[in-house]
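Working notes for the structure below.
Computed from the coordinates by the stated procedures, all read-outs in this text should not be read as laboratory data. As the structure is a computational prediction, the values presented were derived from the model and not from experiment. Reconstructed Cβ throughout: ideal geometry from the backbone, glycine too, with neighbour counts over all protein chains shown.
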Amino acid sequence: MTLSYQHLPQTWDVLVAGGGTAGAIAAIAAARAGARVLVVEALGSLGGTGTNAWVTPLMRNVSGGENLNRGLTDELKARMLARGDGAVDPGGNDNWFNPEGMKFVLERMLLEAGGEVLYHTHIVQPLLADGEHVDGQQLMVDGESAQSHSINHQPSTITSLVVHNKGGLQALNAAVFIDATGDADLATRAGVPFHAGDEDGIHQAMSLRFTLAGVDTARLCAFLNGNGQGQTGENFLHFWMVWGKNSTLEPLFRQAVSEGVLLERDGDYFQGFSIPGRPGEISFNCPRIRAELHDGTDPWQLSAAQVDGREAIDRLTAFCHAYLPGCETAFIGVVAPMVGVRESRRIVGEYTLTLADILDCARFPDSICRNHYPVDIHSVRGGAKLLHERDGTAPYFAKDAYHEIPYRAIVPVGIANLLVPGRAASSSFEAQSAIRVQQNCHSMGEAAGTAAAWAARDHGGRVRDIDMDALQTELRRLGGNI
Ligand SMILES: Cc1cc2nc3c(=O)[nH]c(=O)nc-3n(C[C@H](O)[C@H](O)[C@H](O)COP(=O)(O)OP(=O)(O)OC[C@H]3O[C@@H](n4cnc5c(N)ncnc54)[C@H](O)[C@@H]3O)c2cc1C
């Protein structure tokens, strides 16, 4: 079968596929570095998992009392705080945010920097310099059929990206591409090899997040305090229940299961948070999607996950109505537009970050980010899985420890002008579970955007030719903690 597409005449310096957590920041950084930037985004707003999967708050990433992710992350937080969509809790945690507010802030930051965005557009297929492509699909340019491609030893160059939207199929030209789809959609379609899941190909659990609005938070806070879920105040509620982890809410969950309100698996992971700027509303980091549906790159599983999650949200809402004082008349505020995917494909890059790198606090000459968030696998297998035998004893467990993420982990093998920041960066299953949190995705994105702008301006798009000392100096100048 052949498909034809329209090849647009303009060329961007940097094309960012996926305007999510890493991608939006990458695009802002690239535009501020002087590049002509286009973001291609499947949904109608920026922020990705953070905003459209409603993943709030930003996970803390602290070493020696200092937040490790600075630069654009600091600016994003400050702008959120200024408009009431961010907050600092009594313990000094400044990572609380309202996902709907973040969509506005990211979009403004991009447009102010001169970046462009094309929403409601899916990537289809990158085209390589020699007119070849990877997977045997036949695409046609004005009636000329393209050939299939296999990766050679010399890195190939992507010249354009075919996308699909209401205009049909269109090819967009750029000097450098950033794949920030989270799933490495662009990279893998260009032939970049990848890993997916654990040693058995099993992925971390997906979740469909939601909110309950109309909550009487004063009553809920009083109940939670009386129940041993110590709260700092009604504006910063945080409560949880996981079977077998000594949550004081476990007896209530047990009762709800026995009374047919919840299913057993509804207690595999339950967590609620307050949201700045949205009084009376609680954001839930659940439900977990049932175990068989774990592959976020399988469209059928993803669709079934949406259905499965919605059913579970109905059960959890009924539970909150009946068992949590203050929630009796609460109603569903938001069901996240995106199913939350913690881990899917991970590219093979010029360096693959490992569990040992994390535990031994590895340092790299091309460091672009520091991380102290722990290995955190939400396993669909249930129960605790032994991750490593150095739990609690490795150097990483010191309060002032951190490891670094090298630039090479976002440089995919085989392609000259592509970077892959975010949760699809080159890492083992265990290492990915530590580096995937949002602030690290920001830092990887900021480095990728700056490097991409320079590669387009000075190096014919070649991302390996960047002067690493100069990049690190620039990231520091921009406030980065490198
Ligand atoms: C349920 C859950 C809970 C989590 N909890 C926390 C937490 O509390 N704190 C924290 O800091 N982190 C948390 N994380 C991790 C963190 O949110 C993610 O790892 C991170 O946001 C991923 O960022 P990313 O840029 O790699 O991908 P994303 O933010 O997902 O961005 C990908 C973007 O690409 C777009 N896209 C995808 N495919 C295409 C395509 N083919 N064409 C066009 N556009 C496309 C998407 O629409 C999206 O906008 C959680 C994750 C999940 C799923």
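Points worth noting:
- Base-10 log of normalised Debye intensity for the chain (one unit scatterer per alpha-carbon) at q = 0.06, 0.07, 0.10 Å⁻¹: -0.26, -0.36, -0.74
- Extension gain for the segment Gln6 to Glu292, taken as residue separation times 0.36 nm less the Cα-Cα distance, is 99.0 nm to one decimal.
- In order through the stretch 435-447: 3J(HN,Hα) via Karplus (6.51 cos²θ - 1.76 cosθ + 1.60), integer Hz, x for Gly, Pro: 8, 6, 5, 4, 5, 5, 4, 4, 5, 4, x, 5, 5
- The amide H of Leu43, built 1.01 Å from its N in the peptide plane, has His120, Thr121 as neighbours under 5 Å, considering only residues 5 or more places off or on other chains.
- Residues in the stretch 98-111 carry Karplus couplings, in order, of 9, x, 5, x, 4, 4, 5, 5, 4, 4, 5, 4, 5, 5 Hz; the curve used is 6.51 cos²θ - 1.76 cosθ + 1.60 with θ = phi - 60°, and Gly or Pro positions show x.
- Sequentially through the stretch 326-335, phi angles give Karplus couplings (6.51, -1.76, 1.60; θ = phi - 60°) of x, 10, 4, 10, 5, 9, 5, x, 9, 10 Hz, Gly and Pro residues having no value and appearing as x.
- Cβ-based net charge around Phe223, under 12 Å, with every Lys or Arg adding one and every Asp or Glu removing one: -2
- Remark: the stretch 210-335 carries a charge dipole of roughly 260 debye about the Cα centre, counting +1 on each Lys and Arg Cβ and -1 on each Asp and Glu Cβ.
- Here the scattering of the stretch 210-335 is modelled by Debye summation over its C-alpha atoms, one equal scatterer each and no solvent; at q = 0.19, 0.22 Å⁻¹ the log10 of I(q)/I(0) is -1.05, -1.34.
- Stretched out straight at 0.36 nm per residue, the stretch from Ala304 to Arg219 would grow longer than its current Cα-Cα span by 27.0 nm.
- Thr159 long-range amide H proximity, modeled H, under 5 Å: Leu127, Leu128, Ala129
- Amide H contacts for Val16 (H built 1.01 Å from N in the peptide plane; partners 5 or more residues away or on another chain; cut-off under 5 Å): Leu38, Val39, Val40, Ile178.
- The stretch 301-315 and the stretch 338-370 have their alpha-carbon centroids 30 Å apart.
- Cys residues of the chain that find no other Cys beta carbon under 4.7 Å: Cys221, Cys286, Cys361, Cys369, Cys441.
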